[in-house]
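Down below is the structure, laid out as structure tokens.
The values are calculated or read from the model by the stated rules, or taken from the named source; none is laboratory data. Quick caveat, the model's predicted, so the values are computed rather than measured. FYI the Cβ positions are ideal-geometry reconstructions off the backbone, even for glycines, and counts take in every protein chain you see. Only protein heavy atoms, including side chains, enter the accessible area calculation; ligands, DNA and RNA are left aside. Shrake-Rupley method; radii C 1.70, N 1.55, O 1.52, S 1.80 Å.
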Amino acid sequence: MRAVRLLLACAAGMMLAAAPGTAAPTPPAPLRGAAAAPMPKPGPHRAASRAPRLPPAPLPLPRPRELAAPPVATQAPVPPPAPATPPPDAAEIAACRATFADLGGVILDDAAADPPADGACAISGPVTFSHLRRPEGPDIALESPITVRCTLAVELARWIGADLAAIATANGTTLAKLTGVGGHACRPRNGQAGAQISEHASGNAFDLLGLTFADGREIALWQADPATREIRAAVQKSACARFRTVLGPGADSSHANHVHLDMRQRRADFAMCQWTVD
């Protein structure tokens, strides 16, 4: 009888479960003493995975160290310039002119050719000449008259009458003429605007291109020529021994085609000789 009741109860439960709209039966409670199954951990929130990743905040720059002030460059003291030579007085000028005449110099008394006596381009005791007389033989001519300071005229007369004439004699001839000559010129050095005043401005410089011998030979002092090298070397040696400044080929571009001579006084009596003979 009890068994019949159990069968009826089961059949009724099956009919209720199959009927539509009927709630699902409650699952049986877990057995007492059985371990509960672990629940899965919730995953990260979907919105959090789509959030933009911000860059880290920049760290503040380190404070710059205090730099020590750079040492002040020291410049070597500039030595004082050579003392200016006082202008000659009338007696000194007269004595200088007499010495020049004794050396064969012929002064051209042309007041119109004399430069002004004051200003940046003044000459103290100017001398204008165009040739030198020789005790024996013909005169030594300049291609054109020049005006220079009397003290330079004396040095030129000694150099031309003694040194250059002796070089011509050693080559079997005599000296006839100096070509491409230049003296007083009121201009800056090398004709460059803004440069210091040239020694030519005070009549203390002389320019020369070449020599002409009595046998017709022409010696271009600035031109490289194996046939005239020995003569040009002798002229260079004599010029550097007598003048305070000698500038020629090899010195700079301004003196590539002539020789410059002057009597400029420098500190410690320094002399400059820059002339390459090729």
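Overview of results
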| item | result |
| --- | --- |
| Failed criterion for Arg229 (all others in (1) more than 23 Å from Ala101 (Cα to Cα); (2) free of Cβ contacts under 8 Å to residues at least 40 places away in the same chain; (3) surrounded by fewer than 14 Cβ atoms within 10 Å (Cβ to Cβ) hold) | (2) |
| Filtered residues of region 75-89 (kept if exposed (fewer than 12 other Cβ atoms within 10 Å of the Cβ) and either modelled with pLDDT of 90 or more or closer than 18 Å to Ser202 by Cβ (or both)) | Pro81, Pro83, Ala84, Thr85, Pro86, Asp89 |
| Residue check for Ser130: modelled with pLDDT of 95 or more and in contact with a strand residue (DSSP E or B) (Cβ under 7 Å, 6 or more places away or on another chain) | yes |
| Among residues of region 129-144, those that are exposed (fewer than 14 other Cβ atoms within 10 Å of the Cβ) and more than 18 Å from Ala166 (Cβ to Cβ), counted | 1 |
| Output for region 164-189, where each listed residue is in a helix (DSSP H, G or I), open to solvent by 40 Å² or more (accessible area, probe 1.4 Å) and at pLDDT 95 or above | Ala166, Thr169, Ala170 |
| Qualifying residue in region 205-226 (condition: under 19 Å from Ala162 (Cα atoms), without any contact (Cβ under 8 Å) to a residue 60 or more places away in the chain and in a helix (DSSP H, G or I)) | no |
| Of the criteria (1) at pLDDT below 95; (2) surrounded by fewer than 19 Cβ atoms within 10 Å (Cβ to Cβ), which one Cys240 fails | (1) |
| Odd one out for Arg264 among (1) part of a loop (DSSP other than H, G, I, E, B); (2) open to solvent by 70 Å² or more (accessible area, probe 1.4 Å); (3) out of contact with any helix residue (DSSP H, G or I) (no Cβ under 7 Å at 6 or more places or on another chain); (4) closer than 24 Å to Ser198 by Cα | (3) |
